[in-house]
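Novice: Take this structure, written in structure tokens, and hold onto it; I'll ask about it next.
Computed from the coordinates by the stated procedures, all read-outs in this text should not be read as laboratory data. Please read these numbers as outputs of a predicted model, since none were measured by experiment. Note that we place each Cβ from the backbone using ideal geometry, even for glycine, and neighbour counts take in every protein chain shown.
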Amino acid sequence: MAQAQAMTQAAHAVLGKEQNFELLPVQIRGVCESQYCAAALMLAGYSLEICLKSMVIAREGVEGFTKIEKEMHHHRLHDLASFIPGLSRRDTAVLRGLTHFVSWAGRYPDPGSGKEQQVEDVFTLGEKQRVTARDVVDVAARVMQYTSEVVEASLG
């Protein structure tokens, strides 16, 4: 859980620093800014993935987690968060969107051969749900706040 917090702070640091792409050709400055934001969303998504998986470890114990570990070898935040009560369809859409950044959009220029539709899916999902940066922060905060309930239940 400490690693999740460190990753969250890294995402905040990236988003809080204004970048200067003046030295780059004008034609690619916008793309660089977009990719910079995508990298920040990737860090935010990674922090949620770490947090969610650590909650499963806290709930199941190390032995219990070891038994289901292979089922957890993915980045689908919406699936990993399925045990958190009160997540709305919109919250799930936010997590689906962040999954794209964790899986490829924060790391690579495209999702890979045969997965070209995923590029369009990122934009369609965001536009359909009218997802804002505030929505991403709110969902991430609620997911991370649930940690205290999981930890309390595992200790009690």
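Novice: Pick from Leu52, Leu125, Leu41: which is most flexible by mean-square fluctuation in a GNM of the chain where alpha carbon atoms under 10 Å apart are linked?
Specialist: With Cα springs under 10 Å in the chain, the top fluctuation among Leu52, Leu125, Leu41 is at Leu125.
Novice: Rounded to the nearest 500 deg cm²/dmol, what is the calculated helix-only ellipticity per residue at 222 nm for the chain, with -39500 (n - 2.57) per DSSP H run of length n ≥ 4?
Specialist: After summing the helix terms and dividing by residue count, I get -24000 deg cm²/dmol.
Novice: Where in the chain lies the longest segment free of GluC sites (Glu not before Pro) that are both loop residues by DSSP (not H, G, I, E, B) and have at most 13 other Cβ atoms within 10 Å?
Specialist: 23-115
Novice: Follow-up. For a label point 7 angstrom out from the Cα of Met72 toward its Cβ, which stretches of the range 1-25 have the backbone nitrogen within less than 16 Å?
Specialist: 1-5
Novice: While we're looking at this one, here's another question. Please state the Cα pair-distance histogram of the range 2-155 with 5 angstrom bins from zero: what percent is in each bin?
Specialist: Taking every Cα pair in the range 2-155, the percentages come to 2, 9, 17, 20, 20, 14, 9, 5, 2, 1, 0, 0.
Novice: Another one. What list of ³J(HN,Hα) couplings, whole Hz, do you get for the range 47-55 from phi and the Karplus terms 6.51, -1.76, 1.60, once you set θ to phi - 60° and write x for glycine and proline?
Specialist: 4, 5, 4, 4, 4, 4, 5, 5, 5
Novice: I want to verify a result. In a Gaussian network model of the chain, Cα cutoff 10 Å, which of these has the top mean-square fluctuation: Val26, Val137, Val94?
Specialist: Val26
Novice: To continue, here is another question. Between Arg142 and Gln19, what is the label-to-label distance in nm when each label sits 7 Å out along the Cα-to-Cβ direction?
Specialist: It works out to 3.0 nm between the two label points.
Novice: Relative contact order, percent, of the range 1-110 when contacts are C-alpha pairs under 8 Å separated by at least 6 residues?
Specialist: Numbers: 91 pairs, mean separation 37.0, N = 110.
Relative contact order here is 34 percent.
Novice: Can I ask one more? Are there any trypsin sites (Lys or Arg not before Pro) in the range 107-156 that are in a DSSP loop and have at most 16 other Cβ atoms within 10 Å? List them by number.
Specialist: Working: sites: Arg107, Lys115, Lys128, Arg130, Arg134, Arg142; in loops: Arg107, Lys115, Arg130.
The qualifying sites are Arg107, Lys115, Arg130.
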